[in-house]
Each structure stands twice: as structure tokens, then as C-alpha cells.
1. So how many Å³ per residue does the convex hull of the Cα atoms of region 61-151 work out to?
2. Going from most exposed to least, what order do 233, 351 have by accessible area with a 1.4 Å probe?
3. Hey, if we sort 113, 42 by accessible area with the 1.4 Å probe, largest down, what's the order?
4. Amide H of residue 46 versus every other amide H placed in the peptide plane: which residues, excluding those fewer than 5 positions away on the same chain, fall under 5 Å?
5. Can you tell me which of 354, 124, 345 moves the most in a GNM of the chain? Springs connect C-alpha atoms under 10 Å apart.
6. Compare the peptides 132-139, 377-384, 251-258 by average per-residue count of other Cβ atoms within 10 angstrom and give them in order, highest first.
7. Taking the alpha-carbon centroid of each part, what is the distance from region 306-324 to region 342-362 in angstrom?
8. Collect residues whose amide H, placed 1.01 Å from N in the peptide plane, falls under 5 Å from the amide H of residue 36; neighbours closer than 5 in sequence don't count.
Amino acid sequence: MIPADDALRIVLDRTKQLAPVRVPLASALGRVLRVAARADADSPPFDASAMDGYATQRADLGQPLRVIGEAQAGGAFTGSLKTGECVRIFTGAPVPAGADCVIKQEEVTREGDVIRVQALDRPTFIRRRGENRRTGDIVVPAGTTLGPAELAALAASGVTQPEVTAAPRCVHLLTGNELVAPERTPAGAQIRDSNSALIAALLARHGAELTGHARVGDTLAAARTAVETFASHEVLLISGGASVGDHDFARPLLKVLGYELHFEEINLRPGRPLVFASRGTQYAFALPGNPVSHWVTFHLFVAPLLRKLQTGLDAAPPRLTGRLAPGSKFPPPDARRTYWPCRATIVNGGHELTTLPLASSGDSSGLVGANALLPLPANSLDPAQTVEFIPCP
Ligand code: AMP
Ligand code: MG
């Protein structure tokens, strides 16, 4: 049995960032950008009006101005302004030559082709060429996880095939003769499989792709065939069978598949029988079957592995600080290092942690609302103390 921190170090030390690939923008949400994107032109590309109104010369304000033409977004007024003239202009249109300000239309009275405006001190309402970004400036730095804002910035810079890390391809092998698909009604000693839904959702949340899934009962031969039939993948997750019972075959399976086992048991509650193995640049976990152990070990070990595959970041899950909600109850101290699922909410501008009604590590409905892991100290928790927790989105 090794300490949980040592186990994470072993996982991260083994994990190599995936090679970059080019994908269309439409497939790039959530991917990690590998090469900085730069502006291919000044932004804005020309002096542009920031308002609907009239472009003119500031020195002319206070006298009647003759409207000599129009500039709308996507078009331009090609002439040039002289004293006593103005051009009707709309937001985003190029400011005509000779104009040095735009007057909002709300501040203008217009009769026929003549406008009047008071000569107040007012902003110019011109967005200057290059004021957002100059050609060659970095628009999205390498290493950024692409969200909606970043995709918009790439589109604006003409980067339509960004170089990113592909989603890690993961396969999920479900062991356990007792399990039936969620759509079936369990009979006798059967129970419904909740781990497949959990794993599929956790993988999606962490940028990974579930490329294969098989339910294999508790026979090694069926499991071996299933894994060998999966298309190529980087991560193999085995649910259940990670321990040393007569019907637990995850470890022998990994060995016959040619994986090297790096640890088989960690000092962790819940989640002691966690196995980590690798075969070249493929990684495998056998996760203890209880749904709560699944949730905990995924966040503590699988999520950091997925993060390193995508970003190259070699770090333990980040932590935040918070307070315990009044009346929170935790399990008594244990010889094993305990990470307890909780719900973190914002109360009065700070994080507050509430315990969940977890009856046991087999209680998947007790996990409802879980979004944080609280490492429990070796002695009992002081309810007044500030605590560190791991956010688990
Ligand atoms: P195991 O790790 O295979 O010994 O399983 C530990 C416990 O978790 C047993 O009570 C299993 O029935 C339960 N379990 C295993 N897999 C699942 C699953 N996919 N969904 C719900 N419970 C499971
Ligand atoms: Mg089992």
C-alpha cells in the first residue's frame, strides 16, 4: 500500500503529453491549443465608427453641417470631407478621410441634408486601426483550453485549423456478473450498472472521448477479447475487479495484455484497491467498483492523467479554501488517508462545504450534488477551521 501522493506522482511521471493534431474550429471546443495563434492583420483593420451617427471634423461642430454621403458597415464612403461637411455613418463602417470624430445620431437634429450639433466636449467614437491587436500579436497563447471566447478570437484571426491536442481516446471495460444495463430491471442478486454512466460523463467533462465500452462479467477471457477488439486508444479504464477476490481479474488481465503494473493498492479511503499500469504510451486504471470509490479515484488520479495528456501540465489537482457548513458531519478518523465527497457552494462570497448523505461507498444516489473532495486530517476536523478542498467539476 503506497501513499496517495506517491501514487499520483507515479501516474504523472509516466504520462506523456499527446502529439498535436489540426482540427477544424467546429471541433476545437475544449481542446488545448498547442501553437500560439497570432493576429494576421491589425484589429480593427481600419479606423472604424463605434456608433451610428455622423462623421465630421471636430473643429466644425457648432455650425450647420451638410450630409454629403453615407458609410455603412461593409461599405465605405470613398470621397473626402471638407469643412462644413459630414457623412452619415453606421457602427463598424470605415471613418472617411478628413473626418476626426463621429457624433452619435441621438445628439444631432437633422433637417433635410443639414444637421446641427452642439460643440460639446465628447468622445470621438472612433475605434483606431490596430487598437485591439497589431499584426503578429499573440491572440490566444499556446496551452490555452479553447472555450467559446477563444474560438471567436481564432476565427477573427483566420485560424480555422488550429493545432491542438486531440481528445484522449478512452475505452471502458465493465466487470461484474451482478450488473445489468440501467434500462433493465434487476432480478435476484443483480444490480444496475451506474459506473458506465458515471465514467462516460466524467470523461466528457475532462476532455476525453469514450471510444469503446464493453460489459464482460467476471471472466478474464471475455475481458481480454473485448480489450483486444477495441480500436486504438490511450486509456483503458476497468470498472471493478481491482481487488484480490477470487473473481477479481483486473490485475491478471492487465498482465496478460502486456501492461506493467505500477501500483496495486493505495492508502486511500474510499478507493484502496486502485491499480495503475502502462504499456508504452497506453495507460490503464482498474478502479474499485463502488460508485463513490469510482468518483473519488477518478478525480484524484484519472483526471490529472487526462489533464497531463492534453496540456502537459504535471500537477496535482488544484485546491481552493473554504469553510465547513454548520452541522457538517464527517466519518471518524481512519488509518487510511480519507478524501470525502462534498458539495461546495458560494456563501457570503466564500466557499462553504456541505457533507452529502453518503451511507456507504456503494451509495451512488448519496453522491448527488458532489462537486468537491475534502481531504480529512488524521485527527478530527475542527468545524471553525478553514479547510482546503479539491474542486471536482
Ligand atoms: P468490485 O470492485 O468489483 O469488488 O465491486 C465492489 C462493489 O461495487 C460491489 O458491490 C459491486 O457490485 C459494486 N459495483 C461494481 N461495479 C458497479 C457498477 N458498474 N455499478 C454499480 N455498482 C458496481
Ligand atoms: Mg466485481
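1. Numbers: hull volume 12.6 nm³, N = 91.
It is 139 Å³ per residue.
2. Values: 233 15, 351 55 Å².
Descending accessible area places them as 351, 233.
3. Working: 113 90, 42 20 Å².
The most accessible residue leads, giving 113, 42.
4. Residues meeting the criterion, in which the H sits 1.01 Å from N, are 130.
5. Looking only at 354, 124, 345, the largest GNM fluctuation is found for 124.
6. Working: 132-139: 14.1, 377-384: 11.0, 251-258: 16.9.
Ranking the peptides 132-139, 377-384, 251-258 by packing returns 251-258, 132-139, 377-384.
7. Rounded to whole Å, the Cα centres lie 19 Å apart.
8. 142
The values are calculated or read from the model by the stated rules, or taken from the named source; none is laboratory data. All values reported here derive from a predicted model rather than from experimental measurement. For neighbour counting, all protein chains shown are included, and Cβ atoms are generated from backbone atoms with ideal geometry for every residue, glycine included. Surface accessibility is based on the protein's heavy atoms, side chains included, excluding ligands, DNA and RNA. Shrake-Rupley method; radii C 1.70, N 1.55, O 1.52, S 1.80 Å.
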